[in-house]
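Data first, discussion second: the structure below is written as structure tokens.
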Amino acid sequence: MFDYHVHTTCSVDCTTPIEKSCEAAIANGVTEIAFTDHVDHQPADEGYGFYDPAQYFASVDRVRELYGDRLTILYGAEVDYHDDTRAVVEKFMADYGDRYDFVIGSVHYGELGQIIFPEFFESKSLEDVFYPYFDQIERAVRTGWFDTIGHLDIPKRYMPKTHRDYDPIAYRERLMDLFSVFVNQGMAFEINTSGIRQRPKTSMPGPAIVRWYAEAGGTRITTGTDSHAAQTVGAGVQRTLHMLKLCGIDKVLSYRAREGTPVPIESLLV
């Protein structure tokens, strides 16, 4: 199994030592892990200025020495993207992009840099949230800076009770246009399994969106748990692999030095 979205103490919102996540990965049958700590450029984010590349690379080097004979450990990052931080993100990627094996590009913000938490939905319809969000996803894809896009429809995680009528069918036309950009750019997107174990109780994205992506000719998928705790490393990945097969995706990507190699899902099922 490939778990390509795991956080460590190099992320502001994680207190789990990297060693614990490596041990959990081995115990849970994960064969490749990417430690993708938050690189937050949005001043409104609690993690702004927290990430230290030198500390991150040193910690990964340490666990490669300890566990590298039992687990493939990748240098990774989850780099935020937002229109008003584009210049600093571009500089970070120019300075550090070639140091990593794998980079997730994630949009966590709505208009004016507001984090997409429940209060963001006040006085807005779902369309007011999702369409601008997908527009930012498209601009992130077009940069070509990232290997995959994280949690493609993450606003559904934070919807307040007043807005819990989200149905991706309402955005199918917009998503199909977006998937054309993904395919043309050779960009992957992530199946983030964290939503299975918490709200919204389905992966991000779920099977309907994956099916439309496959219908659009898309084939490039990565898997990740978005783990901030050792006990969730690898959680939901096998279920996701079965879901992908049912939706018409027969391979997932394995990364080295920013190059993705398709691996048959059938070879990863247990």
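Overview of results
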| quantity | calculated |
| --- | --- |
| Of Lys91/Lys156; Lys20/Lys156; Lys156/Lys251; Lys124/Lys156, pairs whose Cα-Cα distance is over 20 Å | Lys91/Lys156; Lys20/Lys156; Lys156/Lys251 |
| Sparse-neighbourhood loop sites, trypsin sites (Lys or Arg not before Pro) in the stretch 199-236 - DSSP loop, at most 14 other Cβ within 10 angstrom | Lys201 |
| Sorted by Cβ density within 10 Å, fewest first, the residues Phe130, Phe57 | Phe57, Phe130 |
| Ala54/Thr143 FRET efficiency (R0 25 Å; Cβ-Cβ; nearest 0.05) | 0.50 |
| Check: the stretch 111-198 dipole with +1 on Lys, Arg Cβ and -1 on Asp, Glu Cβ, in debye | 260 debye |
| Sorted by Cβ density within 10 Å, fewest first, the residues Thr225, Thr15 | Thr15, Thr225 |
| Ranked by how many other beta carbons lie within 10 Å on average, peptides 228-240, 30-42 from highest | 30-42, 228-240 |
| Column: log10 I(q)/I(0), Debye, Cα scatterers of the stretch 2-267, q = 0.07 Å⁻¹ | -0.22 |
| Helical mean residue ellipticity (222 nm; -39500 (n - 2.57) per DSSP H run of 4+; nearest 500) of the chain | -10500 deg cm²/dmol |
| Peptides 144-151, 250-257 ordered by average Cβ neighbours within 10 Å, highest first | 144-151, 250-257 |
| Dipole in debye (nearest 20) - the chain, about Cα centre, beta carbon charges: Lys, Arg +1; Asp, Glu -1 | 820 debye |
| Hypothetical label at Arg239: residues of the stretch 127-165 whose amide nitrogen lies under 18 Å (7 Å Cα-Cβ projection) | 151-154, 156-158 |
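Coordinate-derived values only; no laboratory data. Quantities reported herein were computed from a predicted structural model and do not represent experimental measurements. Note that we place each Cβ from the backbone using ideal geometry, even for glycine, and neighbour counts take in every protein chain shown.
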